[in-house]
Each structure stands twice: as structure tokens, then as C-alpha cells.
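Okay, structure first, notes after.
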Amino acid sequence: MAGPGGAMLQVRVAHLGLDRTTNTPVVILQENEGQRVLPIWIGPAEASAIAMELAGVKFSRPLTHDLLKQVIVGLGAELRKVIITQVKDNTYFAELHIYRGDTVIQIDARPSDSIALALRLKAPILTSETLLELTSIDTSEGAIQPGTGSSPLDADTLKSYLQNLDPEDFGKFTP
């Protein structure tokens, strides 16, 4: 069941970085079976939630995404998948697919929250071929055009500044 968006492909969190031009965190999703990436600009709170899970940092009290995880598990449900569904006016949309017994609950969510939750519940993150095509870095041309009107970054520049990102930077941005 691919729907209008083309085939569904599984992606993973490849990098989490700070876009220095906009001082906004960006999460880079990369297709499991290839090189194409989907950059999604997100908020600082969600970025730190994703960063903490990737780093295996645990707090003594549950933060929002940990709380959501506990609610889902506590209700005897499971998060089967997260789908990054579409982009409209540079805003990405996502859905949580939660299964409980024979019931499937689809919940509209922001991609940032969805990714933070998927990491906590080890759920696959999927997106359509179309979205990857739309925003992918074409490594042959080496250009990415973020929807911020900033100058294009080539793939290597993007990769290197994301890899050199200090997680400490997440404490530094002002919303």
C-alpha cells in the first residue's frame, strides 16, 4: 500500500546537527538502502530529546518523549512505525502508527517528536520515495537547497559540519 507518495522506504537518523545559517537544529534521515537523505529542521527541545536518546542519556524522571513511551507501553500498545508523510510550505508532517490488539491508531505528529519516540520504542521510520527525491542531496551535483532561502550547501560541507557538531551546542541556541 504505497499510496500517492510512491514506495515507502525505511530511513534512519544519520546525523543530528546545527544549521549555523539559521541557528536551527537539523536532523538528517538517510535511507537504509542508499545514499539519499532527508534533512528536517526541528526545534531545540526535540533536538535534545533525539540527541539524548542517541547518546543513551537517561534522566531519573521521564521527560515528555519518555512519558509518551510509557503511556503507549502501559496501555498495552506498540508503536509499529512512524511515517514522514509529506511536506507543505517547508513544514513536514508525520504519523505515528500505534497498534493495540486489533486496533490501529494513527496519530498526527511532528516529525521531530515522531523520531524521538521511534528511537525510544525502536520503531522503524519510513518515508516516501517522493520526499527523498524532493529533498535529496544529489551527490553528483552536490547541492542541497534547504527551504530557508540560504545558499545551497554541498553534500560534503553538510556532512562535515554535521559530523563536527558538538552536542554541547544544543545547550546554546536561543529559541
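The values are calculated or read from the model by the stated rules, or taken from the named source; none is laboratory data. Since this is a predicted model, take the numbers as computed values, not measurements. Glycine also receives a Cβ, built like all others from the backbone with ideal geometry; neighbour counts cover every protein chain displayed.
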Next item on the list: Taking the options ARG110, ARG100, ARG20, ARG80, name whichever one is basic (Lys, Arg), at pLDDT below 95 and farther than 18 Å from LEU132 by Cβ.
Entry: ARG20
Notebook entry, point to check: Can you name the residue in region 106-128 that is aliphatic (A, V, I, L, M) and closer than 14 Å to GLU95 by Cβ and, of all such residues, is farthest from the chain's Cα centre (by Cα)?
Noted result: ILE107
Next item on the list: Go through region 50-76 and give me each residue that's under 24 Å from ILE40 (Cα atoms), among the hydrophobic types (A, V, I, L, M, F, W, C), without any contact (Cβ under 8 Å) to a residue 40 or more places away in the chain and exposed (fewer than 13 other Cβ atoms within 10 Å of the Cβ).
Entry: VAL57, LEU67
Check: Within the set of pairs 6+ apart or on separate chains, which have a first residue in region 90-108 that is at negative phi, a second that is surrounded by fewer than 10 Cβ atoms within 10 Å (Cβ to Cβ) and hydroxyl-bearing (Ser, Thr, Tyr), and C-beta atoms under 9 Å apart?
Finding: none
Next item on the list: Kindly provide the set of residues from region 66-123 that are under 16 Å from SER48 (Cα atoms), of a type in the set (D, E, K, R) and touching a Gly at 6+ places or on another chain (Cβ under 9 Å), ordered by number.
Entry: ARG110
Notebook entry, point to check: Are any residues in region 80-109 surrounded by fewer than 12 Cβ atoms within 10 Å (Cβ to Cβ), among the charged types (D, E, K, R) and in a strand (DSSP E or B), and if so, which ones?
Noted result: LYS88, ASP108
Item checked: region 1-13, residues that are buried (at least 19 other Cβ atoms within 10 Å of the Cβ) and farther than 13 Å from LEU126 by Cα -> none
Next item on the list: Exactly one condition in (1) more than 15 Å from PRO111 (Cα to Cα); (2) among the polar types (S, T, N, Q); (3) in a helix (DSSP H, G or I) is not met by SER48; state its number.
Entry: (1)
